[in-house]
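Engineer: For reference, the structure I am asking about is given below.
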Amino acid sequence: MIAMMVAMTTAVWAKGPRPGYQTKVVAHRGYWQADGSAQNSIRSLVKADSIDCWGSEFDVWMSKDGTLFVNHDPTIGDVEIQKSKAKVVARQRLPNGEPIPTLEQMLKAAVSLPRLQLVCELKPHADKKHEAKAVKKIIDMVAKYGLEKRTTYITFSLEGMKELIKRAPAGTEVYYLNGELTPQQLKEMGAAGMDYNLSVLFKHRDWVDQCHQLGLKVNVWTVDDKPEALLDELLDMDIDFITTNTPEQVQQVIFERGISTYP
Ligand code: MG
């Protein structure tokens, strides 16, 4: 019955994606709306894996004394991570009661989730030397846990992107978030593609085909709730990755179109 329904919806989906095309779903800040979860928590990573997301995204800051923490905002409580000592940051808790995770704790948890891809966002630090050190430490720590092939990087920082491309092992995918660079510019810099906001994507629709023609990939953020018309449009554009705060809803719509979301 399900197979028949899928066949029917596939048939209805006349324009269709390119052959072999897959849209991969990335849980934005992890699957944080799940029970007991919180944005950028270890549980959000586990929950993203539990619903077969292709990947789980998280944000990384480095403390003043060189410890990498996972958090979206520059501050947690009244503590600014990049300007504070690790022992002060480590005392902070997430809304679900977990202590703020270090990147090391996050990666340790990821080791036991072997199907999940990690989408690691380097946050733009005020001091670019500090940021470059953070890049080196992130890459070393990913290597320490043998996660090089399962980790892609994203960043709003142009300097950070260049540093990631320079330091990461060959073949590592680095995407740019800030939206002002063209596919050609990204290609010349060695990026894997663009990871742009929906508004940028719709302002420059031709960039999607340009990316694909250049061998680059396209990620878009964030596609939330159940915007079926929007998803239809994105799927028709052959978007490679959709980053969402509501991964189960997006997966459901993609499944109904008969497009594989995994692996
Ligand atoms: Mg992020």
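Engineer: 5 Å is the cut-off here: which amide hydrogens, built 1.01 Å from N in the peptide plane, fall below it relative to LYS24, excluding neighbours closer than 5 in sequence?
Structural biologist: Those qualifying (amide H under 5 Å, at least 5 residues apart or on another chain) are PHE241, ILE242.
Engineer: Would you work out what percent of the accessible area of the range 24-256, with all protein chains in place, is carbon or sulfur (probe 1.4 Å)?
Structural biologist: Using a 1.4 Å probe with all protein chains present, the range 24-256 comes out at 49 percent carbon and sulfur.
Engineer: Given the pairs LYS128/LYS203; LYS149/LYS187; LYS162/LYS203; LYS144/LYS217; LYS83/LYS137; LYS83/LYS144, which are separated by over 23 angstrom at their Cα positions?
Structural biologist: LYS128/LYS203; LYS162/LYS203; LYS144/LYS217; LYS83/LYS144, as the Cα separations exceed 23 Å there.
Engineer: Which whole DSSP H helices in the chain pass both tests: a Cα extent of 30 Å or more along the axis and a mean Kyte-Doolittle value no lower than 1.6?
Structural biologist: none
The values are calculated or read from the model by the stated rules, or taken from the named source; none is laboratory data. Everything quoted here is computed from the prediction, not taken from an experiment. Remember, those area values only see protein heavy atoms, side chains included, never the ligands or the DNA or RNA. Shrake-Rupley method; radii C 1.70, N 1.55, O 1.52, S 1.80 Å.
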